[in-house]
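Report on the following structure.
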Amino acid sequence: MSSHFVITMPQLSDTMTEGVVVTWEKKPGDRVERGDIVATVETDKAIMDVEVFKAGYLAGPLAEVGSTVPVGGVLGYITDTPGDLAIGADEVVTEQAPSEMIPHHAGTAIVMPQLSDTMTEGVVVTWEKNIGDPVKRGDIVATVETDKAIMDVEVFQEGYLSGPLADVGSTVEVGHPMGFIVSDPAKVVDTAVTITADHKVKDVHHKAPTPPKAAAAPATPPKPVVTATPTISAQAKPVPRVPGRKASPYARKVAGALGVDISTLAGSGPEGVIVAADVQRARPSMAEVAHSLPQVDVPGQGRPMTSMEKAVAHAMTASLTLPTFHATMNIDTTRLIAAAKAKGVSVTVAIAKACSVAMQNHPRMNWAYQPVDKIVERANHDFGIAVKSDDGGLVVPILAGIERRSLEELQAAWNDLVPRARIRKLAPREFANPTFTISNMGMFGITHFTAIPTPGIAAILAIAAAGPQGTPFTITADHRVLNGADVAAYLVALKDIIERPETWMETAGTKAPPAAPIPAGKWDTQVLVIGGGPGGEDCARDLADHGIQVVMVNDAPLPGGECLWRGCIPSKAWRHAADLIRERAHDAAKGVAGTDAPRLVWDTLEAHRKQVLKTRGELALKTDKGMKIDVRHGFARFVDAHTAEITPAQGEPYRLTFGAGVIATGAPPFVPAIPGAKEGLANGGVLTSDTIWNLQKPVSRLGIVGGGVIGVEMAQIWKDFGAQVLMLEARDRILAEVEEEIAKQLAALLEKEFPVVTSAKITAISGEPGAMRIQYTDGTGASHEYACDYVLMATGKRPDTSRLGLEHAGVELTGAAIKVDAHCRTSQPHIYAVGDVIGGYMLAHTAATQGRVAAHNITGHPAQYNPDLDCGVTFSRPQAGFVGLSLAQAKAKGIDAVEAKIPLSIDAKAMISLETHGMIKLVADKATQKIIGVHFLAEHTDTLIGAAVMMVSGGMTLAQVAEAIFPHPTQTELFGELARRLLARLRRTAKAQA
């Protein structure tokens, strides 16, 4: 059944009682979009356009041209059904299609912008231009008060400011006109209107236009205007398509993120398509929630609330939907206050940083409930901190990125925020979407209070005045996200951090709190390291270098771990041989003939590979013993927190006591529960990254399950060796761990070399070595079978701690991985864990770095592992690589970042070597202009990436890289070119905004 909406005669002013229909700009059956002009009407003031704000189709009966219609009388109708040309003869339509009257041919409307996702209206504070003034793109024409702050209104069209202009103090709904821009000064309208808080026109009057004048340079550059929209995670999954209902891809993604059922929505897009705005409107605003609750009548004559008062009222009423509880702990802040003073930072900033440090081990405090039945897990610490505004209101500016910034950086940011917060001149990103909130009323002498969390956070901290037992810190928490134990544990940690500021404040933001020294006692060894891979070995060597007695128990005769024996080194030996074969195909194009028929000699390759491994393993053991590390071949398991049972390769088990421990046992390949996979592992027909090295001869046909780094590297190696390869990936794209644009380009190149099937589901694996079969379905559901010699399960790695006896040592897990903090400490302060066993980046250099971090902390030198500075190379052809953050990762952390990229096709060196596929991308923080990420798809990423590591880890700025001298012709020149491009772009943007 069709839905009908009535178009009524709008009221332009309180003197208007009727209007005469002059024209109909649409006819029955015509499509009508939000903001369309459907008719013109003559009022007692002028001829006006009737603009509607309801999408659909115009339906009759329409008021005849020349007829007089009273204010509120029927002009026509909107229907949601095409072909429905008129309502029924006896039908009564009561639901109105919102409409508004604007001057006929008024020009381009300057509408009230939506500057946050909670904003529904704004109040005009000032007009920065007068009627008749020329305006150009980027001009600030007005300021408006929103529910959060006072914002600038920027226009992006040239012309002359024209009326009707909403008077200062007028309340204008989002999307409705505040004024107009005309192209001809002769068309300027000199009227202004006063609009009341209930959005009715109270008065219409004339304002004399100012004569044209040259624009004077502003005394200070205006602030950039940013439109805030609801944050939708890049990882949000779109809801499925609904048969018979059209919805835009972004609308489905927003619906997935917000938990909205699109089958019930009416679309306002072209031809009824559901767009993102329709989805966002389906989620109730705070105002709608507040107004839906029972209201109690109050005697007296009320005045309309200001925008700020309404926003607070709505938010506080909406907070009643949160099931909350309170927990209080008294904390002695004396030492923190003294330390903050000595450090030159405010107590507010110091407390915010302390809350962030405590949150590292209690991340749920930073999460939030999301309708319906979802939890948003956030790593970025963007804390809202309440500030009293000069007009007596309350503003909550956001101190962003607390977890990654030093106290000095945070203080500088706070010094910039507070003065603007007091006059409510904040950009949307500076007040929207905090992850945690702090309110300190102790400065006013309040001895106890509880704060109210609003939707979007799980906890708010209320700080009262200090008393005999300390300062009350009260958390009000959302019980849907946090339980009492979570909050209690967090308050205990926060108390310890605040009462011992010397453990973290000296180097907050850049280094870890110093670890406790090795516990005193008569131990068999000061430190026990379990595992001899890159993480364990680097840790043991650093400890030995400090004179610490170390026992390192390794499950193989020689150290090196997976990296040396089953990962990095053997795979690169194969990759090098494959490169030699691959590169010969290009020799003829470069003028070298007779090299296009290379042949793989398997036995020679394998002998070379094994010799490299043996040589490096023996060198490593010799170095370890030379550093006085006690290396033992065997297995270790915990008996208690300071005792391990060692089972040697030969001999009887024995016990060893230790002061501190380090777990570096790696992670074995993960094989999912696919029918036949277990049997294939047993008979040797299914290989993993651990067992592929046992092949006795080259493979002719290889099926690879998994499109991650290991799968891609092995697929190209064996393709270059001459094998037929099929890659099957369960997700919708391969290389999910690689920056998206880089991954897509590389995937397109790989698909030219061998078939890649994404969204694949393996239904069965069967056969014997040399004659295996994979049964699978593709993304369309079609069934296929692939016959091959072997199946390689490249489905990642997963820690296995089942033999370590962690429960006896009190070491906690998070999933399959050992739970650690940024300092690589486990839940037992004297036991550390590093490398693959803790999850995250499962890379040899990551493990080695974490091993050194653990060693530094054990020796009392504070250190922490920062994944935002990590790097990696996928040894494909061309090679993918990353250092630091991608643009998407930076934005997810609240960093206002920008990127530039250069294709290798324009590089001279790449042209010479015919290696023109790929690109280099540079990511920088706009605020600091520091380089925070570099991403590669290049044939020589492994040699280029070192320079990028120094840029990111050294905190280099765009200017420093732009001014550096790079040799020519090399691809390192591209770093300087990228930096110069970004600098130029930022300068142009700043100039346009000035």
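The values are calculated or read from the model by the stated rules, or taken from the named source; none is laboratory data. What you are looking at is a predicted structure, and each value in this text was computed from that prediction instead of being measured. Heads up, the Cβs are rebuilt from the backbone with ideal geometry, glycines too, and the neighbour counts pull from every protein chain shown.
The number of residues in the range 512-547 that are surrounded by 24 or more Cβ atoms within 10 Å (Cβ to Cβ), part of a loop (DSSP other than H, G, I, E, B) and at pLDDT 95 or above comes to 3. Restricted to helices (runs of 4 or more DSSP H) entirely inside the range 556-648, those with at least 3 residues that are under 30 Å from residue 915 (Cβ atoms) and free of Cβ contacts under 8 Å to residues at least 60 places away in the same chain are 568-584, 602-626.
Contact annotation: residue pairs with Cβ atoms under 8 Å, 6 or more positions apart or on different chains, pairing a residue in the range 700-711 that is closer than 25 Å to residue 871 by Cβ and modelled with pLDDT of 95 or more with a partner that is part of a strand (DSSP E or B) and among the polar types (S, T, N, Q), are 709/874. Could you go through the range 824-833 and let me know if any residue there is buried (at least 18 other Cβ atoms within 10 Å of the Cβ), under 28 Å from the mean Cα position of the chain (by Cα), in contact (Cβ under 8 Å) with a residue 24 or more places away in the chain and closer than 26 Å to residue 689 by Cα. Yes, the conditions are met somewhere in the range 824-833.
Residues checked against (1) in the same structural domain as residue 969 (by TED's automatic domain parsing); (2) in a loop (DSSP other than H, G, I, E, B); (3) among the small types (Gly, Ala, Ser):
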position: 898; (1), (2), (3): yes, no, no
position: 901; (1), (2), (3): yes, no, no
position: 905; (1), (2), (3): yes, no, yes
position: 912; (1), (2), (3): yes, no, no
position: 915; (1), (2), (3): yes, yes, no
position: 922; (1), (2), (3): yes, no, no
position: 928; (1), (2), (3): yes, yes, no
position: 934; (1), (2), (3): yes, no, no
position: 943; (1), (2), (3): yes, no, no
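Only one entry of 593, 607, 636 meets the criterion of being within 30 Å of residue 539 (Cβ to Cβ) and outside the structural domain of residue 697 (by TED's automatic domain parsing), and that entry is 636. Among the residues of this structure, residue 743 counts as one that is within 29 Å of residue 903 (Cα to Cα) and either part of a helix (DSSP H, G or I) or in contact with a helix residue (DSSP H, G or I) (Cβ under 7 Å, 6 or more places away or on another chain) (or both).
Each row is one residue, and each column tells you yes or no for (1) in contact (Cβ under 8 Å) with a residue 60 or more places away in the chain; (2) within 21 Å of residue 358 (Cβ to Cβ); (3) outside the structural domain of residue 313 (by TED's automatic domain parsing).
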position	(1), (2), (3)
394	yes, no, no
409	yes, yes, no
440	yes, yes, no
455	yes, no, no
460	no, yes, no
465	no, no, no
468	no, no, no
474	yes, yes, no
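For residue 863, the conditions (1) surrounded by 20 or more Cβ atoms within 10 Å (Cβ to Cβ); (2) modelled with pLDDT of 95 or more; (3) among the small types (Gly, Ala, Ser) are fulfilled apart from (2).
Inspection of the range 956-964 identifies at least one residue that is among the hydrophobic types (A, V, I, L, M, F, W, C), surrounded by fewer than 16 Cβ atoms within 10 Å (Cβ to Cβ) and under 30 Å from residue 409 (Cβ atoms). Filter the range 895-912 for residues that are of a type in the set (Gly, Ala, Ser) and without any contact (Cβ under 8 Å) to a residue 60 or more places away in the chain; which is surrounded by the fewest Cβ atoms within 10 Å (Cβ to Cβ)? Step by step, filter the range 895-912, then rank; the result is 905. Looking at 742, 818, just one residue is crowded, with 21+ Cβ neighbours inside 10 Å, within 29 Å of the chain's Cα centre (by Cα) and in the same structural domain as residue 567 (by TED's automatic domain parsing), and that residue is 818.
If I ask for residues that are within 21 Å of residue 325 (Cα to Cα) and not in a loop (DSSP other than H, G, I, E, B), which ones from the range 357-378 would you list? Scanning the range 357-378 gives 358, 359, 363, 364, 365, 366, 368, 369, 370, 374, 375, 376. Scanning the range 779-805 for residues that are in contact (Cβ under 8 Å) with a residue 60 or more places away in the chain and outside any strand (DSSP E or B) yields 789, 794, 795, 796, 798, 799, 800, 801, 803, 804, 805. Does residue 907 satisfy the criteria of being under 25 Å from the mean Cα position of the chain (by Cα) and among the charged types (D, E, K, R)? No: the conditions fail for residue 907.
Taken together, the residues in the range 615-667 that are crowded, with 19+ Cβ neighbours inside 10 Å and at positive phi amount to 1.
Looking across the range 36-70, the residues that are loosely packed, with under 15 Cβ neighbours inside 10 Å, outside any strand (DSSP E or B) and in contact (Cβ under 8 Å) with a residue 40 or more places away in the chain come down to 64, 65, 66, 67.
Condition check: touching a residue at least 60 places away in the same chain (Cβ under 8 Å), touching an Asp or Glu at 6+ places or on another chain (Cβ under 9 Å) and either among the acidic types (Asp, Glu) or surrounded by fewer than 20 Cβ atoms within 10 Å (Cβ to Cβ) (or both). Does residue 138 satisfy that? Answer is yes for this residue. Checked against (1) in a helix (DSSP H, G or I); (2) surrounded by 19 or more Cβ atoms within 10 Å (Cβ to Cβ), residue 381 meets all criteria but (1).
Restricting the range 950-988 to residues that are within 24 Å of the chain's Cα centre (by Cα) and more than 28 Å from residue 916 (Cβ to Cβ) leaves a set whose member that is modelled with the lowest pLDDT is 986.
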